[in-house]
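Have a look at the structure below, then the notes.
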Amino acid sequence: MTPRSTMKERASAALRDEFLRRAVKTTTDKLFLGRRLAQQSYEDWERLRDRGRAIRAHVIDNLDFYLGRLTDRVRANGGQVHLCREAADVVRVVTEIAARRGARSVIKSKSMVSEEVRLNRALEEIGVRAVETDLGEYIVQLAGEMPSHIIGPAIHKNRQQIAELFSREAGRPVAPDTESLAAFARRRLREEFLRADIGITGCNFAVAETGSVCLFTNEGNGRMVTSLPPVHIAVMGMERIVPTLEDLEVMMHLLPRSGTGQKLTSYVTIVSGPRREGESDGPEEFHLVIVDNGRSRLLRDPRFREALYCIRCGACLNVCPVYRQIGGHAYGWVYPGPIGAVITPLLQDDLDRWGDLPFASTLCAACSEACPVKIPLHDLLVRHRARYVAAGKAGMAERAAFRAFRRVFGAAKKYKVAVGAAEKLLRLWVRDGHMAPRVPGLKGWTDSRDFPALARRRFRDLWPELEKESPGQKGGKAHG
Amino acid sequence: MTSTYPAPFILSNIYDKIKSTLQREEWEAARGTAVLRVSLFVTCLVDACFPEVGVSAVRLLRRLGVEVDFPPEQTCCGQPAFNAGFHREAGAVAQVWLESFADSDYIVTPSGSCAGMIRHGYGELWAGTSPVGSLAKELSEKTYELSQFLVEILGVRDLGARFPAKAVYHPSCHATRLLGIGDAPLILLRRVRGLELVDLPFAEECCGFGGTFSVKFGEVSGAIATDKARNVMGTGADVLVGTDMGCLMNIGGRLRRLGSPIRVLHLAQLLEEGLA
Ligand code: SF4
């Protein structure tokens, strides 16, 4: 990932990686089918979606209130709460805890927010080892990459590549079969679990009513990370709240079905603060780090606010025809696919660098259809494009083209003249009813596809004859 | 997919509305039923590149006793600019569209994507409360994609067409997702004599067109189109049929480049040819 590359360049690079494309397609197919089956297993899926959406909308509309309540409850449970406006604040809070505890090693279970703020790197800079314990995240970490999928961070890697990474780590060859790989990871991670001073997790949902943090995992690592080390730090995006345990139950139906196609993940961990007197396990300290990092920009803007309803299930990635071709890294940051294209330009607040993401979509709306909380992602993508254009970021040629579009298509008379003239001019390039591959401006199309020639007579020219045809007349002259 | 517009209710409404003019009364007398007046929105793509699709649509509608007119001031719904983020330009062109169709009873178009723009996109361009927004809303509720109009409003299922061929149908994203035409095209196709309809794997996946996306991200677009074309070719069909020339031009363009002889037809063309 070169820092200043464009979405288009990154996409092109991804397209050249045959292995990546096959791996992404196979996995997304599997997840897609799984989701479909899992949804069929729920009686009234559409109503469930509506409920999920209503819960998320209610929380986002009353976020101040729920943040306050959550904070109170966590404190009442004996935990500490840290509100962080920016990435640097998160880093400061976590590194201060680590320094105070004299921590040498940290274990982590999946947290997208910590990727946002590059927490691992910050910890390493102060000499603290941070090890990912989710298998996919562990692989990605060893490779020095970002996750390429929200719920399957390493779906772009095959067993051979994983074996190479593990062998390097082990200092001896690890065989590329599933058992050997899993055995190595398990052994290695167990050592890490036992020696860790701090456990850091993400947070799928925080329950305001009880002050709890809820994690959905399939490997059981979440449980270990939250209970073995003496300190547990949960890092959450500030929007990730549900009001009550009852609301959490709705999400428990929605999230795994939409994400992995499971009825429920293998583990659901609910943590409500540090160990209390008389309890036999749990950490001595519990910290909840609540992160804004650009989210209030989404919150304030009614055009994009709905993006905060997202429950990070990844369904929109699995159905996205663009994601399915290029995978996650081409999106350039932490969140790929349609939701990534919607939130990245706002979270990062940098149109020049991230403004091209929303253009990498066919607007097929498969994402909106798949989204369990019915975020109209394709509308949000279009709104982004409008914002980009309104900010004057569109290229000169495109601006000129759409000014011309407005003039020509803004009046039938002009349209008639212009299209007629264009047709005559373009005849120079017509071969066999199609345009020759090198028509100016069409290269992106004609590299892989033929483009039809303009018709010599437009429908409106045929209309006068057609109008006179009697109903039921067959195959009259009017056929262009 | 159930229609939000129960046909009998609309029919009787329209019947009351139009029976005043003498010519129409004659029509009614001759046919014994109400005559629907439809304005054809041919779309700029069909107008300029595929006029034969518009011709077929008109003939089909007429055969079913529908009176068709062609508002001459129409150009484009504005979608190309809208999807590209040029909303001022889109709004200007869309206003021309609104003026062109302001007097129409029904607006029928051989494109689910353009109908989707009108039904869905106009709501994004203008809030329903502004004067132009309320006109847009009113007109959008009268706008139908062709097969949707045939099935939902006319209640047609079997046109009596005959078309001996093996065909695959590509459900276009905007027709199904934005407009919600459901199975309307399939309802019509399944009753075409001699037509063997085969399943298209990953049918609901986009063809990769996406308007300016197809040029801006030409490589990605081409890669998606390749998958679609391969899936079409894998069925062994000799005809590919759909409701949107944008998608068909894209898949067809890729098929042609790959040297495939598969015929690419708009639903209106297939049905009309099957009736000839
Ligand atoms: S936007 Fe919707 S589909 Fe995409 S990850 Fe979020 S909740 Fe899932």
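A few comments on the model shown:
Yes/no per residue for (1) at negative phi; (2) surrounded by fewer than 17 Cβ atoms within 10 Å (Cβ to Cβ); (3) free of Cβ contacts under 8 Å to residues at least 12 places away in the same chain:
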residue: B:T129; (1), (2), (3): yes, yes, yes
residue: B:G133; (1), (2), (3): yes, yes, yes
residue: B:K142; (1), (2), (3): yes, no, no
residue: B:S147; (1), (2), (3): yes, no, no
residue: B:L150; (1), (2), (3): yes, no, no
residue: B:G155; (1), (2), (3): no, yes, no
residue: B:G160; (1), (2), (3): no, yes, no
residue: B:P164; (1), (2), (3): yes, yes, no
residue: B:H170; (1), (2), (3): yes, no, no
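- Total residues in segment B:221-250, condition within 19 Å of B:A48 (Cα to Cα) and more than 11 Å from chain A (Cβ to nearest Cβ): 3
- Unique residue being closer than 20 Å to A:C203 by Cβ and away from the ligand (no atom under 14 Å from the Cβ) when the list is A:F359, A:F286: A:F286
- Residues of segment A:239-286 satisfying the condition of being assigned to a loop (DSSP other than H, G, I, E, B) and among the acidic types (D, E): A:E239, A:E277, A:E279, A:D281, A:E284
- A residue that is at pLDDT 90 or above and assigned to a loop (DSSP other than H, G, I, E, B) occurs nowhere in segment A:416-428.
- Residue ID - farthest from A:S5 (Cα to Cα), chosen from residues in segment A:316-339 that are near the ligand (Cβ under 9 Å from one of its atoms) and away from chain B (no Cβ under 14 Å): A:I339
- The listed residue being within 20 Å of B:C49 (Cβ to Cβ), touching a helix residue (DSSP H, G or I) at 6+ places or on another chain (Cβ under 8 Å), within 12 Å of chain A (Cβ to nearest Cβ) and surrounded by fewer than 24 Cβ atoms within 10 Å (Cβ to Cβ), out of B:G210, B:G253, B:G218: B:G218
- If the condition is being facing chain A (nearest Cβ under 7 Å) and touching a helix residue (DSSP H, G or I) at 6+ places or on another chain (Cβ under 8 Å), then segment B:55-64 contributes B:V55, B:V58, B:R63.
- Within segment A:340-350, the set of residues being within 13 Å of the ligand (Cβ to nearest atom) and not small (G, A, S) comprises A:V342, A:I343, A:T344.
- Conditions (1) in contact (Cβ under 8 Å) with a residue 24 or more places away in the chain; (2) crowded, with 19+ Cβ neighbours inside 10 Å; (3) more than 9 Å from chain B (Cβ to nearest Cβ); number of the one not met by A:W354: (1)
- Taking the criterion of being under 30 Å from A:D29 (Cβ atoms) and loosely packed, with under 14 Cβ neighbours inside 10 Å, the only residue of segment A:265-280 that qualifies is A:S266.
- Test: A:A360 is touching a helix residue (DSSP H, G or I) at 6+ places or on another chain (Cβ under 6 Å), of a type in the set (G, A, S) and touching a residue at least 40 places away in the same chain (Cβ under 8 Å): yes
- Within segment A:406-423, not a single residue is surrounded by fewer than 14 Cβ atoms within 10 Å (Cβ to Cβ), under 28 Å from B:L275 (Cβ atoms) and more than 33 Å from the chain's Cα centre (by Cα).
- A:A365 more than 16 Å from the ligand (Cβ to nearest atom) and aliphatic (A, V, I, L, M): no
- The residues of segment A:298-315 that are part of a loop (DSSP other than H, G, I, E, B) and either near the ligand (Cβ under 10 Å from one of its atoms) or touching a residue at least 40 places away in the same chain (Cβ under 8 Å) (or both), listed by number, are A:D301, A:R303, A:F304, A:C310, A:I311, A:R312, A:C313, A:G314.
- Filtered residue count, segment B:91-139, keeping only those that are out of contact with any His (no Cβ under 9 Å at 6 or more places or on another chain), part of a helix (DSSP H, G or I) and within 26 Å of B:G242 (Cβ to Cβ): 11
- Within segment A:417-436, tally of residues that are at the interface with chain B (Cβ under 9 Å from one of its Cβ atoms) and touching an Asp or Glu at 6+ places or on another chain (Cβ under 9 Å): 2
- Among the conditions (1) crowded, with 21+ Cβ neighbours inside 10 Å; (2) hydrophobic (A, V, I, L, M, F, W, C); (3) free of Cβ contacts under 8 Å to residues at least 24 places away in the same chain, A:F184 misses just one, which is (1).
- Filtered by the rule that a residue be within 18 Å of B:T176 (Cα to Cα), at the interface with chain B (Cβ under 10 Å from one of its Cβ atoms) and either part of a loop (DSSP other than H, G, I, E, B) or charged (D, E, K, R) (or both), segment A:357-376 gives A:S361, A:T362, A:L363, A:C364, A:A365, A:E369, A:P376.
- Only listed residue being within 16 Å of the ligand (Cβ to nearest atom), of a type in the set (A, V, I, L, M, F, W, C) and away from chain B (no Cβ under 14 Å), chosen from A:L228, A:L264, A:L248: A:L248
- Every residue from segment B:88-108 that is within 12 Å of chain A (Cβ to nearest Cβ) and surrounded by 24 or more Cβ atoms within 10 Å (Cβ to Cβ): B:E89, B:A90, B:V93, B:A94, B:W97
The values are calculated or read from the model by the stated rules, or taken from the named source; none is laboratory data. Treat the numbers as computed from the prediction; the structure is a model and nothing was measured. Cβ: placed from backbone, ideal geometry, glycine included. Neighbour counts: every protein chain shown.
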